[in-house]
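The values are calculated or read from the model by the stated rules, or taken from the named source; none is laboratory data. Since we're looking at a predicted model, the values are computed, not measured. Please note: Cβ atoms are built from the backbone with ideal geometry, for glycine as well, and neighbour counts cover all protein chains shown.
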Ligand SMILES: [Fe+2]
Ligand SMILES: [Fe+2]
């Protein structure tokens, strides 16, 4: 007989006693073999620990158990800011455990070792608080986005914009056209026959969808140009693309969400952090040194160095680039601590970012998982049981989509 913490319970263990709730309700009888389902029920009822008779009737083997326990310890630590008895968190806990077992849980460092100082425009004395808005208008000279970006943006804002018009603008850039067609022909869009014309793509998918994709690819390409060794860009974009796909997948289940808008909001939500990191690497390293196990998050510390966090700064960038206000708002609020139910699309991007962080797809920079804001979750009105299939769908689509966007 052994008393163990509920988070260390694994399928196949045998109960050594009857388990009753605080109210006296019998949940399971002695000698019950526990599967994932029973373990989930025990967690949902807030049972903190149980007594087990033996590891398993079938003896699962001693080699796998230490690994399982290490995985659980890791996931327990990862979820320490969240309430494990909450049904949403509980399901995510199991998804993470499963992903960890399949080596799908990505733990890598966004920050490389190369810390040499490079004189980049707009870089001030390290540690001084920057007026980032002033810098954005003044000395922070990011290379201009290609003119094709402004052309697509301008065209798509017109109510009369046609697929033909977008196709003719995009086709001026052969590399953009090729990437766009590759993405459209990926399994994600599910065309049975190969799409070879942009005009047909715009007809089949809609002008807005094709334009959003073209704008997204242009921004990603633009940041490829200013990447450096300090950042694991692949990991960063995997996080961002996964957030975009998650947002669009959730959007398909929630009425009143425009899937393309949340896709672009998800794709660009951390763009402000990318600029902080590439333009002010030393300030960012300073912030990181202040993090060390304090239970702080980078987005809470960023204003100490930059006067605002990367979400607010990212929305300034997209405003500068003339993205619609609705997209800028999605970026602006993706780390908010909502006291009331947020607007639906804001909730979709917030939840998508949290889910992708929680399940370790790519890496955005935060080394701890913040507490899930339950107002954002409630705003979606989707059952927690959908999460498993949503994340499976995301997993299937991320690898291919990220390749098209980033490689
Ligand atoms: Fe973020
Ligand atoms: Fe993020």
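Listed values, structure above:
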read-out	value
Hits in the stretch 287-304 - residues which are more than 15 Å from ligand 2 (Cβ to nearest atom) and part of a loop (DSSP other than H, G, I, E, B)	292, 293, 294, 295, 296
Residue 360 vs. criteria over 23 Å from residue 260 (Cβ atoms) and more than 13 Å from ligand 1 (Cβ to nearest atom)	yes
Any chance residue 353 is within 12 Å of ligand 1 (Cβ to nearest atom) and either in contact with a helix residue (DSSP H, G or I) (Cβ under 8 Å, 6 or more places away or on another chain) or free of Cβ contacts under 8 Å to residues at least 12 places away in the same chain (or both)	yes
Within the stretch 353-403, tally of residues that are outside any helix (DSSP H, G or I) and within 16 Å of ligand 2 (Cβ to nearest atom)	15
Output for the stretch 341-350, where each listed residue is within 13 Å of ligand 1 (Cβ to nearest atom) and over 18 Å from residue 401 (Cβ atoms)	350
Selection from the stretch 296-328 of residues that are away from ligand 1 (no atom under 14 Å from the Cβ) and buried (at least 18 other Cβ atoms within 10 Å of the Cβ)	305, 316, 321, 323, 327, 328
Subset of the stretch 185-201 [assigned to a helix (DSSP H, G or I) and either at pLDDT below 85 or within 21 Å of residue 403 (Cβ to Cβ) (or both)]	198, 201
Test: residue 312 is more than 16 Å from ligand 2 (Cβ to nearest atom), at negative phi and either part of a helix (DSSP H, G or I) or free of Cβ contacts under 8 Å to residues at least 40 places away in the same chain (or both)	no
Those residues of the stretch 329-352 which are more than 15 Å from ligand 2 (Cβ to nearest atom), surrounded by fewer than 24 Cβ atoms within 10 Å (Cβ to Cβ) and either part of a helix (DSSP H, G or I) or at positive phi (or both), in sequence order	329, 344
